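This report concerns only the one structure given below.
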Amino acid sequence: MTELMIQQAHEFYRKYIYNEELISLLREYNIRIPGSISPQLWELFGAILTGDRGTGSYGADLSNYEVKSSIAGNSFEYQYHLKTGRGKLLKDMTVDHLFVSYSRDYRNVTFRQVTGNFLSEIFQSWLPGLEERYGSQESNRRYRKNISYSTVKAHGQVVMSIQDGMLIFPQNQLSSR
């Protein structure tokens with residue numbers, strides 16, 4: 001992984017994902033905290049963290065990374081479409097994957113990296129199912145598969161961790177705020 005932009009990513013998180021002022025108002029007025037951050041915000045978070053850029057097309061979210069997010073403990077879903085699915089699945093084998101696990105209120109976030117090389121065996125096992133799903137060209141349903149949280153936790157390298165809205169890892173990036 002290239003040099004990470006930890007502080008910039010944390011600032012983005014504090015402004016756009018875990019906006020303390022907004023969360024406080026939601027709690028004050030007894031309004032439920034929204035349960036889902038748009039995938040594009042997590043992709044932008046990953047782009048800021050890595051310095052990578054989006055592809056602007058189907059395939060990996062960023063030029064060198066696929067970004068996946070889910071509530072901590074849940075699996076990470078991959079979706080493949082009829083026309084672009086095979087190419088995306090092959091691309092997933094070559095790029096690294098960034099997995100974001102977050103608490104329901106977004107106060108706690110862990111960002112892990114797993115190499116595409118490590119995951120390629122899993123993706124390779126999905127190819128027959130994808131080809132079977134779309135082989136007849138009759139199915140327009142997306143081909144969906146998951147990578148378990150336990151797989152990501154066991155094989156992923158933690159690159160950034162936030163607790164109670166504060167950066168706790170990596171230690172050398174902690175600010176004096």
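The values are calculated or read from the model by the stated rules, or taken from the named source; none is laboratory data. Every value quoted in this text rests on a predicted model; they were computed, and no experiment measured them. Cβ placement follows ideal geometry from the backbone for every residue including glycine, while neighbour counts extend to all protein chains displayed.
Output the number of residues of segment 128-150 satisfying the condition of being out of contact with any strand residue (DSSP E or B) (no Cβ under 8 Å at 6 or more places or on another chain) and without any contact (Cβ under 8 Å) to a residue 40 or more places away in the chain.
7
Applying the selection to segment 119-155, what residues are touching a helix residue (DSSP H, G or I) at 6+ places or on another chain (Cβ under 6 Å) and at pLDDT below 95?
Hits for segment 119-155 are Leu130, Ser139, Tyr143.
Can you find even one residue in segment 57-65 that is touching a residue at least 24 places away in the same chain (Cβ under 8 Å) and on the phi > 0 side of the Ramachandran plot?
Yes: segment 57-65 contains one or more residues that are touching a residue at least 24 places away in the same chain (Cβ under 8 Å) and on the phi > 0 side of the Ramachandran plot.
Tell me whether segment 100-111 contains one or more residues that are in contact with a strand residue (DSSP E or B) (Cβ under 6 Å, 6 or more places away or on another chain) and among the aromatic types (Phe, Trp, Tyr).
Looking for residues that are in contact with a strand residue (DSSP E or B) (Cβ under 6 Å, 6 or more places away or on another chain) and among the aromatic types (Phe, Trp, Tyr), one finds at least one in segment 100-111, hence yes.
What are the pairs, 6+ residues apart or on separate chains, where a residue within segment 13-36 that is in contact (Cβ under 8 Å) with a residue 24 or more places away in the chain has its Cβ under 9 Å from a residue that is among the basic types (Lys, Arg)?
Tyr18/Arg107; Glu20/Arg14; Ile23/Arg107; Ile33/Arg27; Ile33/Arg104; Gly35/Arg104
Could you say whether any residue in segment 86-98 is assigned to a strand (DSSP E or B), touching a strand residue (DSSP E or B) at 6+ places or on another chain (Cβ under 8 Å) and not aliphatic (A, V, I, L, M)? Please lay out each step first, then the result.
Applying the first criterion (assigned to a strand (DSSP E or B)) to segment 86-98 yields 96-98.
If we keep only those that are touching a strand residue (DSSP E or B) at 6+ places or on another chain (Cβ under 8 Å) too, we end up with 96-98.
Filter once more, keeping what is not aliphatic (A, V, I, L, M): 96-97.
Yes, the conditions are met somewhere in segment 86-98.
Looking only at segment 1-56, count how many residues are under 29 Å from Asp96 (Cβ atoms) and of a type in the set (Asp, Glu).
4
Pick from segment 158-177 the residues that are small (Gly, Ala, Ser) and at pLDDT 70 or above: which of them is surrounded by the most Cβ atoms within 10 Å (Cβ to Cβ)? Step through it out loud before you land on a result.
Residues of segment 158-177 that are small (Gly, Ala, Ser), as a first pass: 161, 165, 175-176.
Subset that is at pLDDT 70 or above: 161, 165.
Numbers: Ser161: 16, Gly165: 18.
In this case the residue turns out to be Gly165.
Could you pull out every one of the helices (runs of 4 or more DSSP H) wholly within segment 1-61 that has 3 or more residues that are touching a strand residue (DSSP E or B) at 6+ places or on another chain (Cβ under 7 Å) and under 30 Å from Gly85 (Cα atoms)? Show your work before the answer.
On the way: elements: 6-12, 20-28, 39-50.
Qualifying helices (runs of 4 or more DSSP H): 39-50.
For the subset of segment 1-50 comprising residues that are in contact with a helix residue (DSSP H, G or I) (Cβ under 8 Å, 6 or more places away or on another chain), of a type in the set (S, T, N, Q) and modelled with pLDDT of 90 or more, which member is nearest to Ile162 (Cα to Cα)?
In this case the residue turns out to be Gln7.
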